[in-house]
Amino acid sequence: MNDQPVITGAVTGQTTTDETTLSPFSGVAISDTDFGQTETVTVTLSNAANGVLTNLDDGTYDSGTGVYSVTGSDATVTTAVDGLVFTPTAHQVPPGGSVTTTFTIATTDTAGGAASDSTTTVTAAADNDPPVITGTTADQRTSDNVTIQPFSDVTISDPDVGA
């Protein structure tokens with residue numbers, strides 16, 4: 001008889017800012033009581049636009065779909081998943097707003113046993129960044145009978161949405 005793999009240690013309600021990375025799976029463990037099973041684990045973001053996973057170890061990540069995948073023993077896949085780092089998408093919402101991402105961890109063993117967990121959530125609050133001024137030029141010279149446009153190359157921008 002094949003026992004189902006088990007996913008433990010997922011944490012809900014983790015918080016960060018839209019400019020700070022987080023390791024949301026650092027306490028997750030994948031186990032399988034059946035001897036000699038190989039696990040295939042996927043971690044899927046609820047919305048691929050919300051950020052990216054990095055520190056992929058032996059796995060692969062499709063940023064277009066937001067799906068990470070790794071295969072190996074339960075110890076190997078646990079180490080890989082624990083090491084994943086989530087980088088939220090900066091400036092996705094106006095300052096003061098937030099974006100919540102739910103992660104689904106799914107595992108299937110070589111005998112067909114499967115488990116899934118959607119407990120892990122991360123809420124990224126949007127930071128308020130200062131405006132940026134570029135294109136200024138120091139020491140522009142002119143005479144008393146010639147006009148210049150001293151700010152013609154100046155650009156003022158704000159990376160925050162809606163600013």
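Sparsely packed loop sites in the range 12-99 (the chymotrypsin sites (Phe, Trp or Tyr not before Pro) outside DSSP H, G, I, E and B with at most 10 other Cβ atoms within 10 Å) comprise Phe35.
Accessible area per residue was computed with a 1.4 Å probe on protein heavy atoms; Asp58 scores about 120 Å².
Helix-only arithmetic for the chain: the sum of -39500 (n - 2.57) across DSSP H runs with n ≥ 4, divided by the residue total, places the mean residue ellipticity at 222 nm at -1500 deg cm²/dmol.
Legend: residues Ser116, Ser69, sorted from most to least accessible area (1.4 Å probe; ligands, DNA and RNA excluded), read Ser116, Ser69. Once all protein chains are placed together, Ser73 keeps about 50 Å² accessible to a 1.4 angstrom probe. Based on the Stokes-Einstein relation at 25 °C and a viscosity of 0.890 mPa s, and on the Kirkwood radius from alpha carbon pairs, the range 81-163 is assigned a translational diffusion coefficient of 137 µm²/s. In the full protein context, the chain carries 54 Å² of accessible surface per residue, based on a 1.4 Å probe and ignoring ligands, DNA and RNA. Using C-alpha pairs under 8 Å with a sequence gap of at least 6, the mean separation divided by the residue count of the chain gives a relative contact order of 29 percent. Among Thr79, Thr147, Thr137, which one shows the biggest mean-square fluctuation in a GNM of the chain, springs joining Cα atoms closer than 10 Å? Judging by the Gaussian network model, the answer is Thr147.
Computed over the alpha carbons of the range 1-125, Rg followed by Dmax gives 14.7, 53 Å. Each 10 Å bin from zero holds the following percent of Cα-Cα pairs in the range 1-41: 23, 38, 23, 13, 3. Of the residues Thr44, Thr136, Thr119, the one that moves most in a GNM of the chain with alpha-carbon contacts below 10 Å is Thr136.
Between the range 143-158 and the range 1-75, the alpha-carbon centres lie 53 Å apart.
The values are calculated or read from the model by the stated rules, or taken from the named source; none is laboratory data. Keep in mind that what you see is a predicted model, and the values were worked out from it rather than measured. When we count neighbours, we look across all protein chains shown, and the Cβ atoms used for this are built from the backbone with ideal geometry, even at glycine. Please note that ligands, DNA and RNA were not included when accessible areas were found on the heavy atoms of the full protein model with its side chains. Shrake-Rupley method; radii C 1.70, N 1.55, O 1.52, S 1.80 Å.
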